[in-house]
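Heads up: the structure comes next, in structure tokens.
Just so it is clear, none of the values below were taken in a lab; they were calculated from the coordinates. Keep in mind that this is a model prediction, so the values were computed, not measured. All Cβ positions, glycine included, derive from the backbone under ideal geometry; neighbour counts span all protein chains shown.
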2 protein chains.
Amino acid sequence: MAEDLTEDGDDVEIQASVAPWQHVRPIGEDIVATEMLLPAGHQIRPVDGGALLAGGITEIMVRKKTRVTIIPTGNELVPPGTRPTAGQIIEYNSTVFAAQVSEWGAQAHTHDIVRDDFAAIKAAVAAAVEQSDIVLINAGSSAGRRDYTADVVAELGEVLVHGVAVRPGKPVILGIINGKPVMGVPGYPVSAMVALDLFLKPLLYHRQGLAEPMRPLLKAVFSRQLTSALSAEEWVRVKVGRVGQRHVATPLGRGAGVITTLVRADGIVRIPQQKEGLVAGEEVNVELLRPLASIERTVVCIGSHDLTLDILGDLLAQRYPGFSLSSAHVGSTGGMMALRRGEAHLAGIHLLHEETGEYNLPFLKQFIPNVELLLLTLVERDQGLMVLPGNPKNIHDVDDLMRADVSFINRQRGAGTRLLLDARLQAKGLSPDKINGYRREEFTHLAVAAAVAAGSADTGLGVQAAAQSLELDFIPLAKERYDLAIPRAFLHEDKVEKLLEVIRSAAYKEAVSVLDGYHTEKTGQIVMQGVE
Amino acid sequence: MAEDLTEDGDDVEIQASVAPWQHVRPIGEDIVATEMLLPAGHQIRPVDGGALLAGGITEIMVRKKTRVTIIPTGNELVPPGTRPTAGQIIEYNSTVFAAQVSEWGAQAHTHDIVRDDFAAIKAAVAAAVEQSDIVLINAGSSAGRRDYTADVVAELGEVLVHGVAVRPGKPVILGIINGKPVMGVPGYPVSAMVALDLFLKPLLYHRQGLAEPMRPLLKAVFSRQLTSALSAEEWVRVKVGRVGQRHVATPLGRGAGVITTLVRADGIVRIPQQKEGLVAGEEVNVELLRPLASIERTVVCIGSHDLTLDILGDLLAQRYPGFSLSSAHVGSTGGMMALRRGEAHLAGIHLLHEETGEYNLPFLKQFIPNVELLLLTLVERDQGLMVLPGNPKNIHDVDDLMRADVSFINRQRGAGTRLLLDARLQAKGLSPDKINGYRREEFTHLAVAAAVAAGSADTGLGVQAAAQSLELDFIPLAKERYDLAIPRAFLHEDKVEKLLEVIRSAAYKEAVSVLDGYHTEKTGQIVMQGVE
């Protein structure tokens, strides 16, 4: 070895002994000519590139990328960047499809939006079939009047399948034109993604000569009862959390039009056709959409909705990359029930006890007496009535809700905000039955504010920050305490400790102080160390 | 719903009953203004793009990509596409690094090869630090005479670490110049990849605000004894197979310069510092480099080397994407031992029994009498002496190996080819001790051929196809039968059935028939249905 030589002019002194063959590298130790380096259908990883170059190979034959053309259709669609008017929808499906197609190893080309016109759609499809390997026609695949896709495919080629026994995703169309697969993809974003996953993904991987990658499976306990139609397989989007020793899967909303349920989903549970649904506590196989490691680092918060939970989640992710806060909004009472069932690490609650005037504690003692808890204040906040700017209906207190010309929008049963309303009505001797809209329910402050802002209700009760964000006027009625209840069993889990640290940070208080109607003097204070 | 209306001129007939609020979609069902869509540090997936556009967001702030400059250095390096002369090395590390850096979310720029010249390296590093966020200097990090990296970093900035207790990867240099991280990466490709994985990967993910993705872990049984230095953590590359009910990890070669060991590796086993090594049968945690699903679909073949195993693996992967054949070359006897230890699904063997003249069966009965097997012929092939074109040393049979002017290269102990030589020597009454090079061992036919082609030995025994592929002359000595032994317990595993189907296919026989000295008349024939 060079290190063991000393040179002196023309002389070289060898300073270490050497055994026979010790520093000799056998020929062909790494690669021998004609030996197979990589089999067919192999995806080239960084090290493979090295082995190829080391073997003197600078060019290899690869599969041509599949070219997929996406044709969005619909009179109601406007391109992103446009502000939609009533009845218009921002066309975002094609962006999602294109990104998904590219993730599955193909190349996407997106056509301009085509209006609901048979001839125009037919012309676009015919041209796309010429120029690409696969064509996706978005929407027009269900049975509505202006749903031309099936007819277009039938005229240009053949419809093989129209409708499948899967929900969401049912109205998919599978056809073939000039030997090329053409797919009518449902318009609702969740239906669309299910249909692409079921029918496009295997096709794209097959064309690459690769096995379709499977989502990792996780056994979890299903937290709710859920009924499912016998006629179709149902894909249920779920949040998954590791709470204590078990993984809990909680279903998200089932609306096929709600893309945020896919954004928030940690996994998919498939309920087979002919199965009536799932019972609470049933073991299910979850197909994971996020790495398990990231699920393990998620704090599950179920309970009342508060705007600052978003701030908390954002700061947690910034300070501790990989950690996250998942919050489900089911109201304060729902949160306590979730703690009792072992589905959450913590619950956000703000329940005023009418008789004692005390917040939260009496309810915890009543509903979950057997769970030893830490109760910690997150924020104090102003609750009040939200109205349109200028208060056109001249609303000033809950008495005005009795008026025939005032429509109200309520929060769901079990929500602290609803209880606050009920308490106030009772104190004033007013009957909820007289309120126009008392039974119309929303699940969050922002949804109530949005209903008021859109004019579908004249007023609703909520926090000031929700009114502020939608530029509504606000009539304060009460200042309330919003606490987090955390079972002691979870207090020393790493992720919960990290969340508590963020709650007590200056950054959290600063971010909250920007919002109207929030008070952080008591933030992080411990109300109670344990209940027996 | 439009589907339930019939229009007749100006009249519209409603044909289905509707309950209150039934077809009304609540405002804010999907997204409400000011609600957080995605937290900080979130990687945008296809559905996330849809949610952003649906929320009217067409621009977002993202992290700038980290720019990494890679500087290859060394007088011995030539760029890919050049045919290296003796002592030259094709510079492929920078290509591997660049692909790896890009997989880890950064942007790579590769500098031209810099000669071993202090001033030139210093100038290149100084310029790279100006233009990038991180600089990698490849090689020059160990203690050899021409290893300038540490001195360059020390002159321009500060060396923080020189050498770490990890093997391979030991001679890494970590430094800082003008506040920017600079890394001296070892020259051996495996050392380099370990060093990048340990020190660059966390840095790149940290700069993206993301948690470093962890390789999935798998518990496996380590198949061999392996001693490891106490002074360092050792990263052992392993092949992993699911054989029967357990996962078996078999170590690959440990040479830090052998990039194909990384290409072939299914995972990494880390032996901690202060641990003397692993014993056969010890449970280990394997960090997987391939998805578990792909490992489950791998047929593990351990035994004698045959060139047509590559063809078999290639056809299997083509016909059944996702399935693969992993073959380790340890000789026929080693293959039988692997079956006995339950480490392989099948073993390739070609052992001539001198007394009976029978192939393979007598050895199986002797070595693994308790394993019930199927024995199936893969090919028959010609074995003989490989010599340089024109046979300059005039070699015609094993008698010529006794000559003082003839050097030989042998196969390893337990290889059928070596036993064939021994049998022939004994039949002629010749002593192996007289052969110059009898103790010099190679593990494959191609390695023997490569040694002869390079002139480091005059001749060696091997199959004709190996001679053919390196354009050597071939003196046939025997036609032998190469069989596959498969324990009956594995015969009905899906992957083994698929492999058997490929063996019996016309495609396999056609591909083999292109090679000289192979005979496929008996391919797929069953020699024996079971041994008790």
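See the values below:
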{"read-out": "Shielding by partners - mean other protein chain Cβ count within 10 Å, residues of A:22-29", "value": "6"}
{"read-out": "Amide H partners (placed H, <5 Å) of A:Leu325, local residues excluded", "value": "A:Val299"}
{"read-out": "Assigned charges on the beta-carbon of Lys, Arg, Asp, Glu; the protein assembly as shown dipole about Cα centre (debye)", "value": "1520 debye"}
{"read-out": "Once the Cα gyration tensor of segment A:459-516 is diagonalised, semi-axes √(5λ) in Å", "value": "30, 15, 9"}
{"read-out": "Environment charge of A:Leu289, counting only residues whose C-beta is closer than 11 Å and scoring Lys/Arg +1, Asp/Glu -1", "value": "+3"}
{"read-out": "Simple spin-label estimate for A:Met402 and B:Glu158 in nanometres, 7 Å along Cα-Cβ", "value": "7.6 nm"}
{"read-out": "Helix-only mean residue ellipticity at 222 nm for chain A, each DSSP H run of n ≥ 4 adding -39500 (n - 2.57), per residue, nearest 500", "value": "-7500 deg cm²/dmol"}
{"read-out": "Amide H contacts of B:Arg440 (H built 1.01 Å from N, under 5 Å, at least 5 apart or other chain)", "value": "B:Asn410"}
{"read-out": "Distance from segment B:21-42 to segment B:319-347 (C-alpha centre basis), Å", "value": "55 Å"}
{"read-out": "Proximal lysines relative to B:Lys180, as straight alpha-carbon distance under 24 Å, when same-chain residues fewer than 8 apart are discounted", "value": "B:Lys64, B:Lys65, B:Lys122, B:Lys170, B:Lys201"}
{"read-out": "Shortest-first distances to equivalent copies, position A:Ala280, nm, label 7 Å out along Cβ", "value": "5.6"}
{"read-out": "Förster radius 60 Å - calculated FRET efficiency between A:Asp10 and A:Gln529, Cβ distance, rounded to 0.05", "value": "0.10"}
{"read-out": "Cα long-axis angle, helix A:494-503 against chain A (0 to 90 degrees, to the nearest 10)", "value": "50 degrees"}
{"read-out": "Inter-chain shielding of B:312-318 (mean C-beta neighbours from other protein chains, 10 Å cut-off)", "value": "4"}
{"read-out": "Prolate/oblate/rounded label for segment B:67-207 (Cα gyration tensor, a/c 1.5)", "value": "rounded"}
{"read-out": "Hull-based mean projected area of segment A:2-54, where the convex hull spans the alpha carbons, in square nanometres", "value": "6.6 nm²"}
{"read-out": "Number of partner chain Cβ atoms within 10 Å, mean per residue of B:210-218", "value": "3"}
{"read-out": "Cα shape, chain A, gyration tensor, a/c 1.5 rule", "value": "oblate"}
{"read-out": "Förster radius 41 Å - calculated FRET efficiency between A:Asn178 and A:Gln43, Cβ distance, rounded to 0.05", "value": "0.85"}
{"read-out": "Gap separating the Cα centres of segment A:212-273 and segment B:377-412, nearest whole Å", "value": "66 Å"}
{"read-out": "Cβ-based net charge around A:Arg341, under 12 Å, with every Lys or Arg adding one and every Asp or Glu removing one", "value": "+2"}
{"read-out": "Rounded to 5, the percent of DSSP beta bridges in the protein assembly as shown classed as antiparallel", "value": "65 percent"}
{"read-out": "Virtual spin-label span in nm between A:Ala126 and B:Glu358, 7 Å along Cα→Cβ", "value": "7.4 nm"}
{"read-out": "Shape call, the protein assembly as shown: gyration tensor on alpha carbons, a/c limit 1.5", "value": "prolate"}
{"read-out": "Charge dipole magnitude, Cβ of K and R +1, D and E -1 - chain B, Cα centre, debye nearest 20", "value": "2240 debye"}
{"read-out": "Rotation relating B and A, chain A residue nearest the axis via C-beta, angstrom", "value": "A:Pro216, 4"}
{"read-out": "Alpha-carbon Rg with Dmax, taken over segment A:363-532, Å", "value": "17.9, 54"}
{"read-out": "Ranked packing of B:463-473, A:201-211, B:224-234, most packed first, by mean Cβ within 10 Å", "value": "B:463-473, A:201-211, B:224-234"}
{"read-out": "Cα centroid separation - segment B:451-467 against segment A:470-508, whole Å", "value": "75 Å"}
{"read-out": "Per-copy distances of the B:Ser294 label point, shortest first, in nm (7 angstrom along Cα→Cβ)", "value": "2.1"}
{"read-out": "Label 7 Å beyond Cα on the Cβ vector: B:Ser102 copy-to-copy distances, nm", "value": "1.4"}
{"read-out": "Potential lengthening between A:Gln366 and A:Ala19 on full extension [0.36 nm per residue; Cα-Cα distance subtracted]", "value": "116.7 nm"}
